[in-house]
Amino acid sequence: MAELLFWPALLLYGEAAVGYLGDARRPGVAGRAATWGVRLGWLAQTALLGVQAARRDGFPWATWAGSLNLFVWLVVSAYLIWGCRRPYRLLGLTVMPLAAVLLVVARAGGGTGVGGTSHYSNLFLVLHVGLVLAAFAGFTLAASLSGLYLWQERRLKQRAATVLRRSVPALATLDGLALRTVAWSLPALTLGLGVGLVRLVVDGDRVDALVLATGVTWLVWAAYLWLRFVAGWSGRRAAYLALAGFALVIVVRLALPATHFA
Amino acid sequence: MRLVLVGTSHHRAPVELRERVALEREQAATLAARLAEGGRETVCLSTCNRTEIYLAAEDAEQAERDAVAALAELEPEVAHALYRLRDQAAALHLFRVAAGLDSLVPGEGEILGQVRIAHELGTTGPLLDRVFRQALHSGRKVRAQTAIGHSPASVSSAAAALAEQVFGDLADRSILLVGAGKISEQAARNLRSRGARISFVANRTRGRAEELARRLGAEALPLAGIEEELARADVVVASTSAPGYVLDAAAVRRALGGRRGRQLLLIDLAVPRDLDPAIHDLEACYLYDIDDLQAIVAETLSGRRREAERAESLVAAEADKFHEWHAALDVVPAIASLRARAEEIREAELQKAEGLLERLDESQRRAVEAITTQIVNKLLHLPTVRMKQAAAAADGVLYAEAVRHLFGLGEDER
């Protein structure tokens with residue numbers, strides 16, 4: 001059943017990625033098709049997660065690949081909050097290809113099937129894995145918003161005659177949304193990390209590379225908020241910092257996780 | 001009924017001529033009522049770019065002569081600048097007008113409302129009511145299904161659209177006007193129409209600044225006060241006749257400290273320029289001068305023209321639908337007569353067979369009625385469809401005459 005649901009989700013996310021590409025070239029039908037691809041793909045993946053949860057007696061996304069599957073779902077969910085509105089279609093061009101690729105990686109790692117049980121409690125896994133992944137999804141969206149900000153800001157600086165041709169969210173809107181997304185995501189990461197650290201201390205485990213890298217990621221995003229709220233950063237500088245923070249999210253999610261999940 | 005159009009527009013007449021045949025709403029309504037005497041339908045559409053009279057009449061020649069005379073009464077010279085269209089061509093013209101395809105700026109939105117008001121003020125009947133309703137429908141459809149009206153068509157509206165690209169909702173944004181001339185006022189009105197608030201008007205002559213500030217609900221400033229207000233402003237619109245820069249990059253740089261990275265959009269509508277071009281290099285500052293804005297308008301207008309091609313096909317399809325409906329009107333009397341004749345024959349034959357039919361019970365009689373009605377309907381179905389099709393292809397009147405002749409439909413039935 002899970003297998004049956006994976007393919008529609010992947011195909012629809014892929015269709016959305018291609019649709020957004022077409023919409024970037026010629027806005028219109030392709031964009032609408034892409035939006036429906038995201039909606040239906042998200043429904044298919046929600047059903048997939050539902051089947052995984054029903055088949056397993058407990059939290060089914062404790063493995064690296066399983067957590068990647070959940071991460072993709074959270075990223076698409078966060079995108080859906082704004083992404084279906086016309087001016088945000090360009091955002092889909094950055095989010096949906098990433099979602100499709102990560103879903104394939106999750107499947108290659110066995111994260112879309114029904115995995116084994118974890119020795120950790122469900123409450124711990126929901127709080128730790130769920131909150132950290134939700135925060136990372138928020139950071140991913142904030143980075144996408146920042147990327148779109150930099151693209152639009154560059155066009156305004158270039159004084160391109162075509163600057164009004166596309167419907168794109170205003171600079172101030174993108175800047176504000178990125179800030180709000182991070183402001184919601186950092187507390188989630190703080191709580192998720194805190195729960196993990198408490199468990200680490202209780203079990204007497206060692207701090208691994210992933211924990212350290214996640215700590216650095218937390219510092220970067222905390223600095224982002226501090227610089228924005230206290231030092232008055234906004235616009236281009238804040239957008240570059242968000243992209244740097246996202247690079248760390250990618251490292252944490254894809255490059256370092258093996259030992260942590262072992 | 002024939003559809004007749006007589007009118008003039010920016011394509012044929014210069015503004016000096018158009019303004020002499022332009023009609024106020026009451027005048028348009030009165031003229032429509034006067035021309036409608038004798039059972040005709042009339043609508044007068046008058047805007048700054050056109051004055052057109054639409055009539056629905058049995059005698060198209062006479063209707064056209066009356067419309068020409070009515071316009072010539074307003075201005076005799078207009079006669080050589082008039083166009084005269086009939087039936088399908090007149091309907092297509094109206095559809096194009098309502099869609100903004102005949103406007104000076106393709107896709108401009110005002111014309112749809114003007115067509116609606118003209119329709120409301122006119123003396124309409126079945127034909128003009130139908131054609132105007134369909135024109136309004138196609139105008140709305142074009143705007144909904146194409147991007148013809150999305151982009152700005154003037155320098156001041158491009159400036160306002162840029163402000164929205166930077167800030168989104170302009171409701172809480174503060175606008176500083178530098179210069180109190182007509183261009184500043186026009187830009188201010190465009191920004192206000194999108195929800196912006198004009199906070200300050202700065203001008204070399206304090207009196208003019210105060211006068212414009214009063215009209216816009218803003219505060220007047222001397223030119224020396226600009227730098228202080230820069231920290232609070234979101235958009236600066238400059239349009240003075242000063243020979244040099246009114247605001248240089250150093251002054252803006254000093255103001256940036258108090259802005260905490262907020263974006264600042266500067267619009268320079270003056271020639272020679274009022275704002276130092278180096279301002280554009282400062283972080284979060286976006287400076288657009290008149291050339292930049294004109295390039296944006298030229299690009300968006302070319303975009304509108306591209307969209308106009310799509311709009312033309314939508315309008316043509318709507319005009320075809322109207323034509324089919326209008327053409328069918330020519331054969332409707334013949335079809336009605338034919339059906340009446342067939343029904344008359346059916347009833348007469350049943351009457352003749354009454355002696356036999358009275359032996360039947362009620363349900364059997366109803367069955368006979370139904371069968372004979374069905375036979376008549378089936379026999380007449382194809383000729384009816386073919387006559388309507390022929391009407392759309394302009395052969396309708398010939399077919400109608402042939403049917404009248406073949407079935408012996410009398411003149412009194414016409």
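The values are calculated or read from the model by the stated rules, or taken from the named source; none is laboratory data. Treat the numbers as computed from the prediction; the structure is a model and nothing was measured. Cβ sites come from the backbone with ideal geometry, for glycine too, and all protein chains shown count toward neighbours.
You will find that of B:A135, B:A99, B:A159, the residue that is modelled with pLDDT of 90 or more, crowded, with 24+ Cβ neighbours inside 10 Å and within 14 Å of chain A (Cβ to nearest Cβ) is B:A159 and no other. Comparison of B:T30, B:T51 shows that the only residue that is hydroxyl-bearing (S, T, Y) and without any contact (Cβ under 8 Å) to a residue 40 or more places away in the chain is B:T30. Scanning the stretch B:195-213 for residues that are under 22 Å from B:A171 (Cβ atoms) and out of contact with any Phe, Trp or Tyr (no Cβ under 8 Å at 6 or more places or on another chain) turns up B:G195, B:A196, B:R197, B:I198, B:S199, B:F200, B:V201, B:L212. When we screen B:D268, B:D281, B:D291, B:D276 for residues that are away from chain A (no Cβ under 11 Å), among the acidic types (D, E) and either over 22 Å from B:D169 (Cα atoms) or touching a Cys at 6+ places or on another chain (Cβ under 6 Å) (or both), the only hit is B:D276. A count restricted to the stretch B:283-334 and to residues that are within 23 Å of A:L156 (Cβ to Cβ) and either surrounded by 17 or more Cβ atoms within 10 Å (Cβ to Cβ) or touching a residue at least 60 places away in the same chain (Cβ under 8 Å) (or both) stands at 18. Residue-level check: of (1) touching a residue at least 24 places away in the same chain (Cβ under 8 Å); (2) within 14 Å of another protein chain (Cβ to nearest Cβ); (3) not polar (S, T, N, Q), A:F229 misses just (1). With the requirement that a residue be buried (at least 20 other Cβ atoms within 10 Å of the Cβ) and not in a helix (DSSP H, G or I), what does the stretch B:181-219 give you? B:A196, B:I198, B:S199, B:F200, B:V201, B:A202, B:N203, B:A218 - these are the residues of the stretch B:181-219 that are buried (at least 20 other Cβ atoms within 10 Å of the Cβ) and not in a helix (DSSP H, G or I).
Within the stretch A:156-173, if we keep just the residues that are assigned to a helix (DSSP H, G or I) and within 9 Å of chain B (Cβ to nearest Cβ), the residue that is surrounded by the most Cβ atoms within 10 Å (Cβ to Cβ) turns out to be A:L171. Restricting the stretch B:162-180 to residues that are surrounded by 20 or more Cβ atoms within 10 Å (Cβ to Cβ) and small (G, A, S) leaves a set whose member that is nearest to the other protein chains (Cβ to nearest Cβ) is B:A163. When the stretch B:62-86 is filtered for residues that are within 25 Å of the chain's Cα centre (by Cα) and in contact (Cβ under 8 Å) with a residue 60 or more places away in the chain, the ones remaining, listed by number, are B:A63, B:E64, B:A67, B:V68, B:L71, B:V78, B:A81, B:L82, B:Y83, B:R84, B:L85, B:R86.
Taken over the stretch B:245-269, residues that are assigned to a loop (DSSP other than H, G, I, E, B) and at pLDDT 90 or above amount to 5. Could you list all residues from the stretch A:74-101 that are without any contact (Cβ under 8 Å) to a residue 60 or more places away in the chain and surrounded by fewer than 22 Cβ atoms within 10 Å (Cβ to Cβ)? A:L80, A:I81, A:C84, A:R85, A:T94, A:L98, A:V101, listed by residue number. In the set (1) in contact with a Cys (Cβ under 9 Å, 6 or more places away or on another chain); (2) more than 28 Å from B:V315 (Cβ to Cβ), B:A32 fails one condition alone, (2).
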